[in-house]
Amino acid sequence: MLHILEQIKNYTTVIFSTHILSDIESICDEVIVLSHQQLLTLDEIQKRYPALNKITVEMKVSEREQQCLSEHYEVQGRSDKIIMEIELGGNTKMIETQKLYQQLMRLNVYPEYIAINVQTLEQLYREAVE
């Protein structure tokens, strides 16, 4: 069924009801959540859970590369490991990640390792109910 929804999502509006939050993230452009008999729009969800609007990038780079990155991004961390938070600005997580990789290549920054952490609706839901 998810395959069918993926194929038609650009041509029509589909109302999709599920409790599987990962399906919502992968398929839906807009989301409305029914919570305690109240409707929450995507804007309300993003305000309530701002972590959905950013990706966290952790990487190991040289001192020169760290200095170069700090000219373009807000960088936290020490010389061997840095952490950056990147606002999505309306882009999807995949698009923003691709833009980051392109920017790293333009800046001649080649991390020894890179970890991109993305907060999902499911993770946020679990945190909220625990």
Checklist entry - Just one of the numbered conditions (1) modelled with pLDDT under 80; (2) within 17 Å of the chain's Cα centre (by Cα) is not true of L2; which one? => result (2)
Checklist entry - If you go through region 53-103, how many residues are of a type in the set (A, V, I, L, M), in contact with a helix residue (DSSP H, G or I) (Cβ under 9 Å, 6 or more places away or on another chain) and touching a residue at least 24 places away in the same chain (Cβ under 8 Å)? => result 9
Checklist entry - L34: assigned to a strand (DSSP E or B), farther than 20 Å from Y101 by Cβ and either in contact with a Cys (Cβ under 7 Å, 6 or more places away or on another chain) or at pLDDT below 70 (or both), yes or no? => result no
Checklist entry - In region 83-115, how many are within 14 Å of the chain's Cα centre (by Cα) and more than 15 Å from Y73 (Cα to Cα)? => result 8
Checklist entry - All but one of (1) among the β-branched types (V, I, T); (2) surrounded by 16 or more Cβ atoms within 10 Å (Cβ to Cβ); (3) modelled with pLDDT under 80 hold for V75; which doesn't? => result (3)
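The values are calculated or read from the model by the stated rules, or taken from the named source; none is laboratory data. Since this is a predicted model, take the numbers as computed values, not measurements. Positions of Cβ are backbone-derived with ideal geometry, glycine not excepted, and every protein chain shown enters the neighbour counts.
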